[in-house]
1. How many residues are within 16 Å of the chain's Cα centre (by Cα), more than 20 Å from P50 (Cα to Cα) and among the charged types (D, E, K, R) if we restrict to segment 157-178?
2. For segment 212-230, give me each residue that is of a type in the set (A, V, I, L, M, F, W, C), out of contact with any strand residue (DSSP E or B) (no Cβ under 8 Å at 6 or more places or on another chain) and touching a residue at least 12 places away in the same chain (Cβ under 8 Å).
3. Select from segment 174-215 the residues that are open to solvent by 40 Å² or more (accessible area, probe 1.4 Å) and of a type in the set (A, V, I, L, M) and list them in ascending order.
4. Suppose we filter segment 247-271 for residues that are open to solvent by less than 80 Å² (accessible area, probe 1.4 Å) and either within 12 Å of K57 (Cβ to Cβ) or of a type outside the set (F, W, Y) (or both); how many remain?
5. Anything in segment 76-100 that is of a type in the set (V, I, T) and open to solvent by 10 Å² or more (accessible area, probe 1.4 Å)? List them, or say none.
6. Starting from residues that are polar (S, T, N, Q) and outside any loop (DSSP other than H, G, I, E, B), keep the ones in segment 17-75 and report whichever is most open to solvent (accessible area, probe 1.4 Å).
7. Restricting to segment 115-174, name every residue that is among the β-branched types (V, I, T) and modelled with pLDDT of 95 or more.
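The values are calculated or read from the model by the stated rules, or taken from the named source; none is laboratory data. Quantities reported herein were computed from a predicted structural model and do not represent experimental measurements. Counting neighbours? That spans all protein chains shown, and the Cβs are built from the backbone with ideal geometry, glycine included. Side chains are part of the model used for accessible areas, which takes the heavy atoms of the whole protein and leaves out ligands, DNA and RNA. Shrake-Rupley method; radii C 1.70, N 1.55, O 1.52, S 1.80 Å.
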Amino acid sequence: MDNPGVSKVVLLACGSFNPITNMHMRMFELARDHLEDTGQYSVTKGIISPVGDGYKKKGLVEACHRVEMARLATESSGWITVDSWESQQSEWVETVKVVRHHQEELLAAEHNKDDVDTVKCAKKRRIEENSFESSDHHRKLDGPRLMLLCGADVLESFGVPNLWKQEDIAELAGRYGVVCVTRSGSDPYKFINQSDELWRHRKNIHVVHEWVTNEISATHVRRSLRRGRSVRYLLPDAVIRYIQEHSLYSAESEQKNADVILAPFQKYCDASTS
């Protein structure tokens, strides 16, 4: 029987996953333990959403490979899944739109399960969207609540000019919530204190301390792969086999998009100068 005082949470991680590493998987476990230890949340699902090729990040291999590697990595998990919607979009999709998409999917599934009148549901969603504009604090969404899961580097990237829109940061932190896993040398609390937008929604940002430090970096993994070095125990064995079978991550692949401006910079810089 469900505890009425406990909110159901679904964790969503957006990123390149180029390639997915054991640390990516570990983040979900850390976040679930942290949230459930509060006694306020029950984490029911984790979703990995690889970014599409339109992001134009340097060294980004094709989305079809990154999605398949993520699926292989999650085969042993009973609660973490992979969703390819974001990766299938022809152009880069802002993270806030990905979060909205998945929240709507969760609400639709919940409403279908409970056989609730669809007109009533649509009215409820409109009320929620309108009330967000006039509310500074988090509102409990109907059904499972979706939170964005990220590392401290992503939280700090909120301060990079033209990488994020301020209204998107406000919606991610204020409406949904952010779960940030620390890394060695990072100080999320300091960055939250320095950002007026994050400070405003600080009660909706959950900082998870990783006491067993794990500094696996996808960038370092790619470097080892193109140099022919072992990456065993950094990635799931099935992912390593996939990389070998498809000859991914070479010196040539690392130069992909090297002369292309990252999609957010293209979009937001153009908007600011128009």
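1. So the answer is 2.
2. To start, the set of residues in segment 212-230 that are of a type in the set (A, V, I, L, M, F, W, C) comprises 212, 216, 218, 221, 225.
In the following step, the residues that additionally are out of contact with any strand residue (DSSP E or B) (no Cβ under 8 Å at 6 or more places or on another chain) were identified as 212, 216, 218, 225.
Listed by number, the residues that qualify are I216, A218, L225.
3. V212
4. So the first thing to find is which residues in segment 247-271 are open to solvent by less than 80 Å² (accessible area, probe 1.4 Å), and the list is 248-251, 253-254, 256-258, 260, 262-266, 268-269, 271.
Now restrict to residues that are either within 12 Å of K57 (Cβ to Cβ) or of a type outside the set (F, W, Y) (or both): 248, 250-251, 253-254, 256-258, 260, 262-266, 269, 271.
Residues that pass the stated criteria total 16.
5. Pass one, segment 76-100, residues of a type in the set (V, I, T): 80-82, 93, 95-96, 98-99.
Answer for segment 76-100, where residues must be of a type in the set (V, I, T) and open to solvent by 10 Å² or more (accessible area, probe 1.4 Å): T81, V82, V93, T95.
6. In the first step, residues of segment 17-75 are kept if they are polar (S, T, N, Q); the result is 18, 21-22, 38, 40, 42, 44, 49, 74.
Subset that is outside any loop (DSSP other than H, G, I, E, B): 22, 42, 44, 49.
Working: N22: 52, S42: 42, T44: 67, S49: 0 Å².
Of everything passing the filter in segment 17-75, T44 is most open to solvent (accessible area, probe 1.4 Å).
7. Going through segment 115-174, the residues among the β-branched types (V, I, T) turn out to be 116, 118-119, 127, 154, 160, 169.
Listed by number, the list holds a single entry, I169.
One line per residue, one yes/no per condition, for (1) among the basic types (K, R); (2) farther than 30 Å from P188 by Cβ; (3) part of a helix (DSSP H, G or I):
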position: K203; (1), (2), (3): yes, no, yes
position: S224; (1), (2), (3): no, no, yes
position: Q244; (1), (2), (3): no, yes, yes
position: L248; (1), (2), (3): no, yes, no
